[in-house]
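Worksheet: one structure, shown below.
The values are calculated or read from the model by the stated rules, or taken from the named source; none is laboratory data. This one's a predicted model, so the numbers in the text were calculated from it and none came from an experiment. A quick note on method: Cβ atoms are made from the backbone with ideal geometry, for glycine too, and the neighbour counts reach across all protein chains shown.
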Amino acid sequence: MEVDLIIKNTKCVGLNEFKEFKTPLSKSIIINNGEIIDIKDNLSSVYISKKTIDGSNTITFPGFINSHTHVSPTPILKGFTEDKVDGFYGLALPMEKQLNEKNTYLTAKLGIAEAVKGGYTTINDIWHYPWSIAQAAKDIGIRAVLSNKLKDTDLSKIQFFKYERDDNEGQTKLKDSENFISKWHNTNNGLITCRVGVHAPDTLSNKLIKQAKDMADNLQLGIHMHMGQTATENKYMNTEYNMGSVEYLNSFKFFDNISVIGAHCNFVTDKEKDILSKNDFTVAHCPVIGAKRSHYANIPTYEKKGVKIGLGTDWLTFDAFENIRASIYFHRLSTNNIESTNAIDAVKKSTIIPAESLGLKNSIGSIDIGKKADLNIISTDDLHFGGITKYHDLLSLVIYNATAKDIKYSIIQGKIISENNKINTISESETLKDAELEISKIWTKHFDGTE
């Protein structure tokens, strides 16, 4: 039988939906029409491939899933917000007024390229002009779950604790969301799907957030949002509604019969965590960006209550290994217990758990026959892996030492998108050049008021 691709003699992590993970097992993976059709201990002469990858000295992981990200502003904001107290409300949010379809497309293209090279084969993204991001995702070939950023509040005024609502903006964005979903959901051979996007509980009026819930219910789609992200949000919710974000949403049954992915969840009470545990809710934990901002969610307290956890990057970073490691470190610091988590638990939060949260568990998240061939092949040849012996725990060796540059191949739905740290589907140099020009225009207009 002729097939599209064979990866031979690679050690696999995530077989049988992670039921086989203590020691990565050497296998050959047979791929055809975008799917894994067989996994063999020894490569059989039954299969003849158009292309064969020699997996010697590699470990193959399921493609990593980014539970919460913004690919477009990542290249825009780097070097601007990391060391500033007002970097988020004072700079990042006001900058969004300079965005348009063109600069969103070109910056998203650069952000997606970085995400793929960082190990992410699936992104869950919420942002303005998601149709531009969808086109960039299609051009590169990443799997993308996209949401339009619903809001009816002037984000630039929140730094002064002013919440100015604009119903016309909210209704326009609501219609944009409906049109976007109608055009893009389940397109590009299933690589692009949609959710209903809610910016945050404090930046949507009660009317608009209820409309978002109604839309999600009617379309039978999940919701992607920020929740309990900042002290400012927490202060506003308690001042305006005398309750936190989760309690407020629960007061009008926002979580009922729907999948919700909530990013950050830094400011959530124990009572509110109990509410989340009783619903189909996933915390999109973003440890690296949280640490940059000096606060991050106490994940062990969520896990004790049975709340699902997926890992996201938010913005500014796309190295999946850095993010996975950070989640382990902060988990152990929160508990003062090295046994509170481990490498395999953290890997699951970037694979099989978010796959389930996104409704894609039957397609991605593990290395199994019948699933889509979304894979990262990691080379262990470089010096920082040391001298590998039969006594080494190879999974821990990779998770605690690998960087994005060790990803030899990123494969999405059976197509090699990145090879030897280069994107195959676009010109990296042209993508960088085009994005740099738009980023320069954005900041010139923001700071000087001119193009």
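Summary of values
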item: Residues that are crowded, with 16+ Cβ neighbours inside 10 Å and more than 15 Å from Thr153 (Cα to Cα), drawn from the range 226-240; result: Met227, Gly228, Gln229, Thr230, Asn234
item: Residue among Ser350, Ser379 that alone is buried (at least 22 other Cβ atoms within 10 Å of the Cβ) and small (Gly, Ala, Ser); result: Ser350
item: Residues within the range 248-270 that are out of contact with any strand residue (DSSP E or B) (no Cβ under 6 Å at 6 or more places or on another chain), closer than 18 Å to Gln211 by Cα and not polar (S, T, N, Q), tallied; result: 8
item: Residue check for Lys349: in the same structural domain as Val13 (by TED's automatic domain parsing), within 27 Å of Val283 (Cβ to Cβ) and basic (Lys, Arg); result: no
item: Scope the range 152-173; condition surrounded by 19 or more Cβ atoms within 10 Å (Cβ to Cβ) and in contact with a strand residue (DSSP E or B) (Cβ under 8 Å, 6 or more places away or on another chain); matching residues; result: Asp152, Thr153, Gly170, Lys173
item: Close pairs (7 angstrom Cβ cut-off, 6 or more residues apart or separate chains): over 14 Å from Asp270 (Cβ atoms) and in the same structural domain as Ala263 (by TED's automatic domain parsing) in the range 295-309, surrounded by 14 or more Cβ atoms within 10 Å (Cβ to Cβ) and among the basic types (Lys, Arg) anywhere; result: Ile309/Lys349
item: The range 396-430, residues that are assigned to a helix (DSSP H, G or I) and over 22 Å from the mean Cα position of the chain (by Cα); result: Ser396, Leu397, Ser429, Glu430
item: Matching helices (runs of 4 or more DSSP H) fully within the range 267-330 where at least 3 residues are closer than 30 Å to His384 by Cα and within 17 Å of the chain's Cα centre (by Cα); result: 287-292
item: Only one of Asp154, Asp139 that is acidic (Asp, Glu) and within 24 Å of Leu106 (Cβ to Cβ); result: Asp139
item: Residue satisfying all of: in the range 134-151; among the hydrophobic types (A, V, I, L, M, F, W, C) and not in a loop (DSSP other than H, G, I, E, B); surrounded by the fewest Cβ atoms within 10 Å (Cβ to Cβ) among these; result: Ile140
item: Answer residue from the range 326-345, given it is of a type in the set (Val, Ile, Thr) and over 22 Å from Cys12 (Cα atoms) and is surrounded by the fewest Cβ atoms within 10 Å (Cβ to Cβ) among those; result: Ile338
item: Selection within the range 288-319 - at pLDDT 95 or above and in contact with a Leu (Cβ under 8 Å, 6 or more places away or on another chain); result: Tyr302, Lys305, Val307
item: Any chance Lys19 is surrounded by fewer than 20 Cβ atoms within 10 Å (Cβ to Cβ) and under 15 Å from Ser366 (Cβ atoms); result: yes
item: Count of the range 26-45 residues which are assigned to a strand (DSSP E or B) and touching an Asp or Glu at 6+ places or on another chain (Cβ under 9 Å); result: 9
item: Only listed residue being of a type in the set (Val, Ile, Thr), buried (at least 17 other Cβ atoms within 10 Å of the Cβ), closer than 26 Å to Ile112 by Cβ and outside the structural domain of Lys8 (by TED's automatic domain parsing), chosen from Ile426, Ile407, Ile416; result: Ile426
